[in-house]
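Throughout, read-outs are computed from the coordinates displayed, never taken from laboratory work. These numbers were taken from a predicted model, which means no experiment stands behind them. Reconstructed Cβ throughout: ideal geometry from the backbone, glycine too, with neighbour counts over all protein chains shown.
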Amino acid sequence: MTDTTSPAPTAPTAPTAPTSVWAGAWRLADYWAMVYRRTWKASVVSSFVTPLLYVLAMGVLLGGFIDGDPARLEGATSYLAFVVPGMLAAQTMTSVVGECTYPVMSAVKWHKTYFAMTTSPLSVPEVILANLGFVLARVALASVVFLAVTACFGVYVSWWGVLAALPVQLLLGLAFAAPVYAFTAGLMNETAFSLVFRLGMIPMFLFSGAFFPVANLDAPLEAVARATPLWHGVDLTRMLVLGELDPTTALVHVVYLAALAGLGWWWAVRRLTRRMVV
Amino acid sequence: MSFATHSVTTSVTRSMARSLGAGEATRLLLYRNFLAYRRAWWIFLTGFLEPVFYLFSIGVGVGQLVSGFEFNGEVIGYASFVAPGMLAASAMNGTVLDATMNFFFKLKYNKLYDQMLATPLTTSDVARGELAWSLLRGGIYSTAFLLVMVAMGLVHSWWAVLVVPASLLIGLAFGGIGMALTTWMRSWQDFEFVTLATLPMFLFSATFFPVTAYPGALRWVVEVTPLYRGVVLCRELTTGMVSWASGASLLYLVALGAVGLYICRRRLDRLLLT
Amino acid sequence: MEAKLGESMIRAVGLRKRFGDFEAVRGIDVDVRRGESFGFLGPNGAGKSSTMRMVAAVSPVTEGELRILGMDPATDGPAIRARIGVCPQDDTVDTELSVRENLYIYGRYFGLPRKEVRARVDELLEFVQLTEKANAVVDDLSGGMKRRLTIARSLVNRPEILLLDEPTTGLDPQARHVVWERLFALKQQGVTLVLTTHYMDEAEQLTDRLVVMDKGLIVAEGSPLSLIAEHSTREVAELRFPVPPEGGSHAPMAAQVEDLADRVEVLPDRLLLYTDDGEECVAKVHERGLEPAATLVRRSSLEDVFLRLTGRTLVD
């Protein structure tokens, strides 16, 4: 009979509580790597192909009918150059919102994978951190691919701006991921996701400056668009890759997005703890 | 009728369970879906918004950057150009979603159809009922969208009244094919192929820019895609530029719908009645 | 007996758990010693699972004192969870991963090195007899196999205490026996087992000592045998009668035999006579001219104790 308790010849490592939230989250790295190995195929189209198709349809083909007037395109010399950074930021939002809705609901409600995690020495903040880390890793991967492919179109003015656009995507991703995650964590019924997509994500995708300058909107709508997190992400990304960085504006964008991420994190920990630790 | 004197199974006077007529069965399934949606009416309501948002964003927002297009030789405003495209594309997207994702869920997880087919309902009833529901919804959305277009001054002809039946035809064509293909799907991962088929059609079927943007051979490819046929048909109707080519689009979509429904029915029989 | 047992593994004093207005656990005292096999027996809603979740350090204590391995779950939850194994009522195994992947991933949560976890997984697969299914996806496993996988998973960190919440609920008889046999093997190895169950045979098979819970309170405590001795008689004589017509009852008949037993219970189709000598009791019943359709004399079981203490009324 297999002996399951007495020490093995070489004494086994004792199971321990993690020394920090980061160390705890790192213990979930193998899990998320396995999830990615299992699901990456299903995400190829949405992560890599979709944004490029938009660039092709809007930037290249529709762009052929639009004058490259920098005065009307926030400094871009072609519509393609205008829309590419917009699509980068928009894809960051859409992929993150997708990852923080149904999959998180599944881990809390359907497959209950989180509940297995918290019977181990891991706790709620570590579970959230690891999940958000996974979401951001995917943002990084999708952004690198997008930047590399679109670089071939010759639309980037500043190479360091392109490099800086990458961490900006992570910040923007977290600014969406944390609040959406928090929303899902306390949600009982998934039908509300339709509202998130239809009244939140899609209008932002279409009106937050990704496809056209928000100045084209009526004044009140323009104010609304400028208040959305996606606009801050789009504007920051666009300033960077077009090499037209205004440090003060950029700082406002960073602070806004960081605040949203921080609040989202706080809210996520609170909501998931209330849901799971009862 | 008296139940008291007969046992339930041997009663001769009670109404006999019988097979339902096609219309009756379809109405029953529609009613079932109506009941299911009644609790989520706002999902029904907000489903109409997506094409409207696209119209305002691309048609109006981006439209300010675009000077007018030529369509069938006449210059039209960009919003007038994009609007019928959105109408056709949303007819496709709506029914494709119903016919693939939602249909798959019911087929594999809900086991709704197994339960239905244990009654006198037949596979054709089920397919017809689901498609009818999807089309009913699509028709309501199209009508609402048409009203938005009228309000924005994007309708230029009385022919436009016919875009509602035209959008139903687009729905039928895509719904039939979509359901047929869904019967071959194994897992959710296969739905990436649906996106891979519908997204390029949405973006490249002359919805946002004229087909003249393509070089020769590519243009020919675009012109034979079903959504392109739907988009030009709708555009010809709302701009009033109806021609013999409109009839060709019509025949094309009817044929596609018939083939899709035929395959779907054959596949459902094999899947469910074994 | 107490003296032979080791240190205190779980100690609860005045333990309470409230959910809003509802109090699931209403002040219980428990002391589980090293190497012991301890059971919580009770009907649905008795507060067993709430107690188990507090002991597993995943559910905060509302009131009272709780120490697991000498530590306070409110402050040392992760350290406690590192040293215990939990087998929840619903299998929370990842249905999209293979059997082996499930165990491996879970082992990593405990901060164990990859190589060690892999070796441990092989060991555990063998222990729960799933070696041949190692690469199967969990979705394809039977209910019994899934439960064995959950048990294997709870052992990945070589826990000092193993918590099992209704380990065999929903399993068919063969699968139940396999699980029992494995749990018995663990007990032999000295693992402290704590389990909840509403199956009497399971409690009799697996536990050294148990408490009967009802409506959030402990209503009895002891070994299975001592509980039978204390709350029931040695034997039970069952007298079967035809079910009386609507509105009727066997109560008048019970009155005729009341003096023959310690206690008589009236059920729709039979009378239960609790007595120390069943055969003698049945003989006397016949002497009085009563003619049951059938009679059965059996040893008193934990079930009799349980129903005596918690009543026959349905709780759900």
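Details
- Taking each DSSP H run with n ≥ 4 as -39500 (n - 2.57) and averaging over every residue of chain B yields -20500 deg cm²/dmol at 222 nm.
- Here r is the Cβ-Cβ distance between A:TRP110 and A:ARG270 and R0 is 25 Å; the resulting FRET efficiency, rounded to 0.05, is 0.65.
- Each 10 Å bin from zero holds the following percent of Cα-Cα pairs in the stretch C:142-184: 29, 59, 13.
- Extents of the stretch C:89-180, taken as max minus min of Cα coordinates on every principal axis and listed largest first, are 38, 29, 20 Å.
- If both residues of a DSSP beta bridge must be in the protein assembly as shown, then about 70% of such bridges are antiparallel.
- Stokes-Einstein translational diffusion, the stretch C:233-299 - Kirkwood Rh over all Cα pairs, 1.306 mPa s, 10 °C, in µm²/s: 136
- When the square roots of the Cα gyration tensor eigenvalues are ordered a ≥ b ≥ c, the ratio a/c for the stretch A:135-240 is 1.5 or more and a/b does not exceed b/c, which makes its shape oblate.
- Over the stretch C:166-316, the reciprocal of the mean inverse Cα-Cα separation, the Kirkwood hydrodynamic radius, stands at 17.5 Å.
- Proximal charge balance of A:VAL269 [Cβ under 14 Å; K/R count +1, D/E count -1]: +3
- Shielding score for A:61-72, defined as the mean number of other chain Cβ atoms within 10 Å: 4
- When only alpha carbons are used to place a centre, the stretch C:62-87 and the stretch B:62-107 end up 59 Å from one another.
- Convex hull projection area averaged over all views, the stretch B:40-272, Cα basis, nm²: 13.4
- For the stretch A:189-220 versus the stretch A:104-131, the gap between their alpha-carbon centres in whole angstrom: 30
- The modelled label-to-label distance for the pair A:PHE153/A:ALA215, using points 7 Å beyond Cα in the direction of Cβ, is 2.2 nm.
- Along its three principal directions, the equivalent ellipsoid of the protein assembly as shown from the Cα gyration tensor extends over semi-axes of 63, 38, 22 Å, largest first.
- Long-range amide H partners of C:ALA220 with built H, under 5 Å: C:VAL212
- Centre-to-centre, using Cα atoms only, the stretch B:195-247 and the stretch C:223-262 are separated by 84 Å.
- Shape call, the stretch A:43-88: gyration tensor on alpha carbons, a/c limit 1.5: oblate
- Each Lys and Arg adds +1 at its Cβ and each Asp and Glu adds -1 at its Cβ; summed about the Cα centre, the protein assembly as shown shows a dipole of about 1620 debye.
- Net charge contributed by nearby residues that have their C-beta within less than 14 Å of B:ASP190 (K/R +1, D/E -1): +2
- Geometric extent, Cα atoms of the stretch C:107-253 - Rg, Dmax (angstrom): 20.8, 72
- For A:117-130, mean number of other protein chain Cβ atoms within 10 Å: 5
- Residue among A:ALA258, A:ALA223, A:ALA89 with the largest mean-square fluctuation in a Gaussian network model of chain A, springs linking Cα atoms under 10 Å: A:ALA223
- Estimated purely from DSSP H runs of n ≥ 4, each contributing -39500 (n - 2.57), the mean residue ellipticity at 222 nm for chain C is -10500 deg cm²/dmol once divided by its residues.
- Compactness of chain C, expressed as Rg and Dmax over alpha-carbon positions, Å: 22.8, 76
- Summed side-chain charge close to B:ALA25 - residues other than B:ALA25 whose Cβ falls under 9 Å, Lys, Arg +1, Asp, Glu -1: 0
- Expressed to the nearest 5 percent, the antiparallel share of DSSP beta bridges inside chain C is 65 percent.
- Pairs exceeding a 23 Å alpha-carbon distance, out of A:LYS41/C:LYS146; A:LYS112/B:LYS108; C:LYS48/C:LYS187: A:LYS41/C:LYS146.
- Under the span-like rule (Cα at least 20 Å along the axis, Kyte-Doolittle mean at least -1.0), DSSP H helices of chain A: A:29-44, A:79-99, A:124-151, A:159-185, A:247-276
- Within 10 Å of each Cβ in B:45-57, the average number of Cβ atoms from other chains: 4
- A Cα-only calculation for the stretch A:40-276 places Rg and Dmax at 18.2, 60 Å.
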